[in-house]
Structure formats: structure tokens, C-alpha cells
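Engineer: I'd like to ask you about the structure that follows.
The values are calculated or read from the model by the stated rules, or taken from the named source; none is laboratory data. As the structure is a computational prediction, the values presented were derived from the model and not from experiment. So basically every Cβ, Gly included, is an ideal-geometry build from the backbone, and we count neighbours across all protein chains shown. Surface accessibility is based on the protein's heavy atoms, side chains included, excluding ligands, DNA and RNA. Shrake-Rupley method; radii C 1.70, N 1.55, O 1.52, S 1.80 Å.
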Amino acid sequence: MTDQKFFKFLDYKFQPQSGVLVFKYALGNINFQEKLKFPARKIKLDKNKLVALDKAIFNLFLIAGISYYKTYCPKKIDLGKYKLTKEQANFWGLVYTKGLGEFFYRNKIDFCGLVNFPFEKNYQVKPIKVKTQNKTLVPIGGGKDSIVVAEMLKKKKRNFDLIYLGQSTLVDEVVGVIGRPLIRVERYLSPNLFALNKNKGVYNGHIPISVYYSLVDVVAAILYGHKEIVLGNEKSASYGNVEYLGMMINHQWSKSAEFEKMFQKYVFKFITPSIKYHSILRQKTELEIVGEFVKYKKYFPVFSSCNTNFKITKKAKKRWCGQCPKCAFVWTMLSAYLAESELEKIFGKNLYQDRKLKPIFDELLGLKRHKPFECVGTPEEMENAIKMADKLRNKKVLILGFGREGLSTLKFLLKNKLATPEGITIADQNKLGEFGPEYRNFIKKYPSISLKLGKDYLKGLAQFKTIFKTPGIKLAGKTTKELKTKNIEITSGLNLFLSSIKGKVVGVTGTKGKSTTASLIYEILKTAGKKTVLVGNIGKPFLDYINQDSKDTIFVAELSSYQLEILNKKIDLAVVTSFYPEHLNYHGSLDNYFQAKMNIVRQLKPGGVVVYNKNFKPVAEFIRKQKVRASTYSDLDRNFNAVSQLLGNHNEQNMAGAIAVAKIFGVKEEIIKKALKKFQPLEHRLEFVGKFKGINFYNDVLSTTPESTIEAIKALQSKNLQTLIVGGFDRGLDYKKLAAEIKKSKIRTVICWPHAGETIAGELAKTRAENKIIRVKNMAETVRTAYKYTELGETVALSPAASSYDFYNDYRAKGTEFKKLVKQYAKN
């Protein structure tokens, strides 16, 4: 017969050398003995540590007793030879009462005034400081939260150990993936407890196990020298289940913000102020945590939150039972980010299709009774996850154009779970066999991605929700209007990039000068020690640079009219270098081209600044009408005394623009001058190829307008420019001013390519210029002619005043072939 009238804390003993800790209790005439085993390590425990350790163990002794106390919940608690202050007694009374809230509710126990820990009125307890190392302790449970904590600490390059209470193959596998040392603590409950639980009238149920874990962590931190304990308890842990006898019952109370705050205060005041206890996920929702977790696919085969894996008496046969609220909740959270095919690999089945789970889903959604007594999130989080999942599954995304940007956008969407493979279609004018190996191999990895390849790739666009359009692919005005009417989003990798970063963006545009100006800004800011990244047309697609993002990063972005045409995200600072007629075959009119360029001003953030070249009146007039902060520039200030390898007045203006931006960022004048001096001219922009057979060769193939070629002629007059190579794709530009400049400069030989070259030759004829006109059909003929008609000490310049698309894929190909043949024929 059991005397149920009191529960007594008898004794505890710890053997530091073996790591064995023994707790003894009595429930009336039944005795219990619980044992824990910490890893035995050769640790020197100084006096302070021994004192702090005893304080922590005493409090662990108090919470461990809850497993035995709850069997009968006697009103009398006897501390035996141990003492508590009034504040400590109140703390433990609250821990037992709120921690056993679910237990009281399920067993219909009136807890009001039930738990009373005795205290000594004048008794005092003082904390003690201990020496710690720069190490963190992370409790690991095998689920997503502790994994996210570990990965966050890895990113911060923190030194941390993991700790786990018990034996679990699952946890061992998760620890193996994390790759950090594990402190394993083993707990052995009293055998008498299991025997007692078989008796009638014995209460059983949930205890605040996280309080137990927390004090195990504190003991371990003191033993092994950790300065902090970092947990993965989220915002929703503070959300209760049901009200009972005037108290909100919360299954996760010992993970709540209330408990975290009071426990940290208790540790500081009664154990040691040297160890910090906190959760770094406290302000995050379940959805935010899962959004971070899904970035780490390496954990998918090993992690689990299903409680069947952690039962004391019965071990699970698989990671996810697929039948409990925990499984249903985690499935739902993951479904907001992952395709159902991926989810089925994790859970072994589709939980949304299991009709038996409907009552559980209803409870999780708050439609029935109360939230399940499990470590699950709120009904609101469930609703949001389901909405995201529906959107993800219904989201039909089109990657329009599968070049470098298209592939980069596809990778980003998949990596960040912004679309599923099943919801993505790739459309491109090329057929599958025409793509390079990298593109074909990536597509093969995702067989569920749909393909629209070949001549009809622009048909059926209205079936998609979002279209990521590659710059340069022209949609007919009628098509664009139809898509907008149907609320179909036409966007780009640039917009996706801008919506995903924390850093600042300096956008640089202009018909000419944007590449050089952007590169100059980048060089100056980098020289000033700022974290600067050059992005845009100059290098890889925008999204390929997102791994370099931080709140301190400054992205300097060269932006074309093709990109700006559909820009709908904000930037911090805009630079407009110039404006000439260009790309009219794409934009359809000069006004359309201008409006596309001016999007860079329209999309400035509040308080953003536009820096512009005031020599271009349409740009100046447009900006004056906008209510934005503005700064102007023109020619380089002669008093600045800059030394540079750049040639020509247009490059001096580019330098002036870069200097204006640098001053906004507070860069000192001497640093600006240092950066300008070491700056190398960009490839294909008045690029000095070399001196061969006594002749100077310049590659200025990126001069694709009459205005930029005029600037090149002026810049190279001092280099004795006598042979000019012009022509290419004819876009109907006006070449009258260029012809006049060629005549005025007295260039002896003008080599003309089809088709714009014919137009330029015609304009020269109208001026009665005496220049020698030579028509060519390819680059080999061009270079041979240049060598033939150019004398020693003279200069040849490829500055076409036209684009390269009639014979080449882009200007780079044309410029590269020119340089190659110049060097090749120099050997003949």
C-alpha cells in the first residue's frame, strides 16, 4: 500500500571522474533512484566550478523529481536536507504548475494551490562566476529547428558542440551530417516508475521535459566550459492549446518565451552569470525556419521530428509515422517550399491524400477542439503554409530565353523553392540539341520541367502566371498588352535579384559610357575599402552574385534598356551617362527607348539619388520633372588633376560621373585619384590591341552609334588615326554628323563593312570627302586591307558606329576576331 501524502527529495550525488549523477526520491514508502551519465573527461574543476556545478545539479535534481511526483501529485513536497529561498520556491511552483498544465488538463486534476515548494524565510543563495571558453552548446534533437541553429552558427563561424540526452541512431546520423562534436548524456529512469505506472489510480502524462534538458545543458556547460547555450525555440512555442481552470495550457510551455526569460534570470541569479541561455529562432515563425531549413537538402534523408522516434519504451521502425500531428504539421510546412514528389521521398507517402489525417489537419487549422498537444505551430501558420503550397503548385512559371540569364534564373528558382520543376516551362528559339552541355545536363536533372523549343516558342504565353523574360527577347506590343490584361507578370532575373538582396545597388545606364563608368565606380569604391561587387552586362547574370550579398555590400550594376524596360524593383542610386538614338529596331521608337532608360529614375528608392550627365538635355529635362534628389556632372574638372590611361573627352566625362558617385559615398579625393590611375581601359572600348609592323591597332567595337565613333575619332587624333573601320548591322541611324567628322579629321582610309558601311560611304560621298573608301565582306579582308593601306607610325581603329548582329552573335565575337587576326597577320 502506497502512502501518497508526500513527495520527498532525498539526496543527489555526483562523481566528476566517472560523470555519474544519482538522484534519490521518495513517494511515501516507495523509493526512486534515477541516474545520469555525462561523458567522463579529464577536466580540472576549480573551486568556483565545483560550487556552480553543485548549484546546477541541485536544480536538475528538482526538475528530475517531476517524473515521480506526478504519479500521485501529493500536496506535500518535502525538500529534506535541502533549502530554497522564497523566490526559488515560487519559480519551482510555477515550473511544476505550468509545466504540468497539459498533464493536469488531461487527468482532470484541480491544480489550484496544489504545488507548494517549502522555503526558508531568511535563506539566501548567491550565484558564482566560472571560467568559460569561447564555445557554444547546441541541444540537438534531430529535427529541423536545431539543424537550422547549427547551420546558422556555422555561417557565423562559431565554435560549438552539440548535446543530446539519450541514445538515438537518427540523432547520430543528423550529428554526422552537421559534423560537430557531440556530448551525449544518458538518462536512466528509476525502474520503480515503470512498475508503479501499471497500477490503477496512478497518473501519467506529459512533463515539461525541456526544463530537464535545459538544466542538463547548464550542468554540461559548466563541466565542459561553454559560455552559452543556444536553442532553436521559435515564436509559435509561446502559443497555447486550451484554457483550463483560468490558466492557458501550453504543451510547449517549457519552450516558450516566458520560460526562456524566467529561466535565464534564474540561472543568472541562483547558479552562475557566466552562462547565457537563449534561442536564436525566438522571433522566427515556423514558416521562416522551414524556409531556411529547405536550403540544406543534405539533411532530408536523416532528419525527423516525429515523436515515435523518441519514445522510451517503443522504438519507431521508420523516421516518419505519417499518422501523428507532428508529421502532418511538418509535411504542411515543407509543402510551402517543396514539390510533393520531394515530400513523398521524405515521408514515404502523400499526407494530403490520406483521408484518415483529416481530423488531425482540422485540429492543426483550429477548426476542431483545440490545437493538438504536440510541438506544432499555430493555425495561422498552417493556413499560410497551405496558401503558399497551393500557390507553389499552381504557379506556372515560364523561363523565356534559356541563355546564361535563363539558366541562372532557373537555378535560383529551384534552389530557393520559389517554383517546382513541375510548374516550370522553358521556352527558347533553339532546339534541345543546340544548347551547350551545361544547359542540356541541367535540364536532364529535372525531367518534369516542360520544354517549348523551336520556332513556336513565343506561342501560348497566356497560360503562365509569371514570365521571366531574358533581356533582348522582344514581345509584340499586342502580346504584352494581352498578358497585362490577364494579370500575367512579366519580370526578369534582375527584378528577382533586387527583391532578394540586403545590400545597396548603384544602377548605371546610358547609350554609351555605362560599362566604363560602372567599372570606374566599382574600382574607386573597392579601393576605398568598401565591399563592392560589379554586376550586370559586364559579367555573369545578376543572380549568380547573390552569394556575395550582405547589408554592407554595394552592387554596381550596368543596366541596359532591355533590362530597364521591365524593371519594377527599387534601387538606391542611379547614374545616367548619355542618351543617343540606339536599339530602335527593338524598342520601335526613340521615345520608347528613352522611356525604358528613364525607368532607372522612376525606380529609385525614397531618398535615392540620380547622378546624370547634364550635357544630354532630354535626360536633364526628364529628371527635373521628377521629385528625386539629383546630382549633375559634365566635363572633368581640370583642377582635379587626375592621371588616367583612358583616352578621349567622353572618357573624361565617364570619370566625372564616377567621381560624383564616389563623393556621395564619402570617398576621399586621394583614394579616387589612386583608383583612376590604376584603372585599365575595358576590353572592346578604345582597347589598345598593340603595335604590329609599326602600326597601332585599337579595338573600339563597342562603339555602335555614330556619336560614340565620333568620340573615338577625336580621342585617337593624337595617335595619328589614318584608317577607320566602320559598318555592321544597319538600324537606320543618321550618319551625317559622323561623315562630317571623318571628313574634318582627314582620315585617309575608311574601310566599310556591309550594311551600315554602305550608308556611311554614301554620306561621305555627299560631303565630297577625299577619304579612300574600301568595301570589305569579312574580318580577314578587313585586317589585310588595314595593313596594306596604313603606314608606319599610323593608327587603325575598329569603331563601327553600328552593331554586330548581321555577322556575329555579339560585339565580343567581332572584337575578338579582329584582335586575333591583327596578331596573326602581323607574323606574315
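Engineer: Compute the separation of the alpha-carbon centres of segment 697-728 and segment 372-412 and state it in Å as a whole number.
Structural biologist: Each part's Cα centre sits 51 Å from the other's.
Engineer: Going by accessible area, probe 1.4 Å, with all protein chains left in place, what is the ranking of Asp354, Asp172, largest first?
Structural biologist: Most to least solvent-accessible, the answer reads Asp172, Asp354.
Engineer: Now, a different point. Given H placed 1.01 Å from N in the peptide plane, which residues other than close sequence neighbours of Leu534 have an amide H under 5 Å from its amide H?
Structural biologist: Val556
Engineer: Then there is this: Keeping all protein chains in the complex and leaving out DNA, RNA and ligands, what accessible area do you get for Glu342 with a 1.4 Å probe, in Å² to the nearest 10?
Structural biologist: Only protein atoms counted, so the area is about 40 Å².
Engineer: Further, regarding this structure: Sort Glu380, Glu711, Glu621 by heavy-atom solvent-accessible area, probe 1.4 angstrom, most to least.
Structural biologist: Order by accessible area, largest first: Glu380, Glu621, Glu711.
Engineer: Counting only protein chains, not ligands or nucleic acids, how are Tyr277, Tyr825 ordered by accessible area (probe 1.4 Å), most first?
Structural biologist: Descending accessible area places them as Tyr825, Tyr277.
Engineer: What number, rounded to the nearest 500 deg cm²/dmol, is the helix-based mean residue ellipticity at 222 nm of the chain, given -39500 (n - 2.57) per DSSP H run of at least four residues and division by all its residues?
Structural biologist: -11500 deg cm²/dmol
Engineer: At 1.4 Å probe size, what's the solvent-accessible area of Tyr562? Round to the nearest 10 Å².
Structural biologist: 50
Engineer: Relative contact order for the chain using alpha-carbon pairs under 8 Å, separation at least 6, rounded to a whole percent?
Structural biologist: 7
Engineer: Once you sort the root eigenvalues of the Cα gyration tensor of segment 421-563 as a ≥ b ≥ c, which label holds: rounded (a/c under 1.5), prolate (a/b larger than b/c) or oblate (the other case)?
Structural biologist: prolate
Engineer: What is the percent carbon and sulfur in the accessible area of the chain, measuring with a 1.4 Å probe over the protein chains and ignoring ligands?
Structural biologist: Carbon-and-sulfur percentage of accessible area, whole number: 50.
Engineer: Write down the percent of antiparallel bridges among all DSSP beta bridges whose residues are both part of the chain, to the nearest 5.
Structural biologist: Around 30 percent antiparallel, to the nearest 5.
Engineer: Count charges around Asp11 for me, please; just the other residues with Cβ under 11 Å from its Cβ, Lys/Arg as +1, Asp/Glu as -1.
Structural biologist: That sum, taken over residues with Cβ under 11 Å, equals +4.
Engineer: Now a separate question. Leaving ligands, DNA and RNA out of it, work out the accessible area of Arg319 with a 1.4 Å probe and give it in Å² to the nearest 10.
Structural biologist: Accessible surface of Arg319 is approximately 70 Å².
Engineer: As I understand it, the value is the acute angle between the Cα axis of helix 86-99 and the longest principal axis of the Cα atoms of the chain; what does it come to in degrees, rounded to 10?
Structural biologist: The helix 86-99 is inclined about 80 degrees to the chain.
Engineer: In percent, what relative contact order does segment 503-678 have, based on Cα pairs under 8 Å that are 6 or more apart in sequence?
Structural biologist: Relative contact order of segment 503-678: 27 percent.
Engineer: Once R0 is set to 22 Å, what does the formula 1/(1 + (r/R0)^6) return for the Cβ-Cβ distance between Cys112 and Lys200, expressed as a FRET efficiency to the nearest 0.05?
Structural biologist: In this case the efficiency is close to 0.30.
Engineer: Using alpha carbons only, what's the Rg to Rh ratio of segment 640-742 with Rh from Kirkwood?
Structural biologist: With Rg and the Kirkwood Rh in hand, the quotient comes to 1.03.
Engineer: If we count every other residue with Cβ under 11 angstrom of Leu798's Cβ, Lys/Arg +1 and Asp/Glu -1, where does the sum land?
Structural biologist: Counting the neighbours of Leu798, the net charge comes to -1.
Engineer: I need the fraction of alpha carbon pairs in segment 395-491 separated by more than 18 Å, rounded to a whole percent.
Structural biologist: Counting pairs separated by more than 18 Å, the tail of P(r) holds 41 percent.
Engineer: Continuing with the same structure: Please work out the FRET efficiency for the pair Asp390 and Tyr296, using the Cβ-Cβ distance as r and a Förster radius of 35 Å; give the result to the nearest 0.05.
Structural biologist: FRET efficiency, Asp390 to Tyr296: 0.90.
Engineer: Is segment 166-309 best put as rounded, prolate or oblate by its Cα gyration tensor, with a ≥ b ≥ c the root eigenvalues, rounded for a/c under 1.5, and otherwise prolate when a/b is larger than b/c, oblate when not?
Structural biologist: Since a/c stays below 1.5, the shape of segment 166-309 is classed as rounded.
Engineer: Taking 41 Å as R0, compute the FRET efficiency from the Cβ-Cβ separation of Asn720 and Asn585 and round it to 0.05.
Structural biologist: Efficiency at R0 = 41 Å is approximately 0.70.
Engineer: Quantify how much of the Cα-Cα distance distribution of segment 550-596 extends past 18 Å, in percent.
Structural biologist: 37
Engineer: Sticking with this one: Which net charge results for the neighbourhood of Ala765, defined as the other residues with beta-carbon distances under 13 angstrom from its beta-carbon, given Lys and Arg at +1 and Asp and Glu at -1?
Structural biologist: Computed value for this residue: +3.
Engineer: To the nearest whole percent, what portion of all C-alpha pairs in segment 704-828 is separated by more than 18 angstrom?
Structural biologist: 47
Engineer: Here's something else I'd like to know. Here are labelled values, [x] 13, 33, 25, 19, 8, 1, 0; [y] 11, 19, 17, 13, 12, 11, 6, 7, 3, 0; [z] 16, 45, 31, 7, 0, and one is the computed P(r) over Cα pairs in 20 Å bins from 0, in percent for what I pasted. Which one?
Structural biologist: Label [x] holds the value from this structure.
Engineer: Given a cut-off of under 8 Å on Cα pairs at least six residues apart, what relative contact order in percent is computed for segment 687-827?
Structural biologist: Rounded, it is 38 percent for segment 687-827.
Engineer: Would you pull out the residues with amide H under 5 Å of Leu231's amide H, same chain only if 5 or more places away, H placed 1.01 Å from N?
Structural biologist: Result for Leu231 returns His278, Ser279, Ile280.
Engineer: Under 25 °C and 0.890 mPa s, how fast does segment 1-130 diffuse according to Stokes-Einstein, given a Kirkwood radius computed over C-alpha pairs? Answer in µm²/s, whole number.
Structural biologist: Rounded, D is 153 µm²/s.
Engineer: Quick check: from the Cα gyration tensor, does segment 503-678 come out rounded (a/c under 1.5), prolate or oblate?
Structural biologist: It comes out oblate by the Cα gyration axes.
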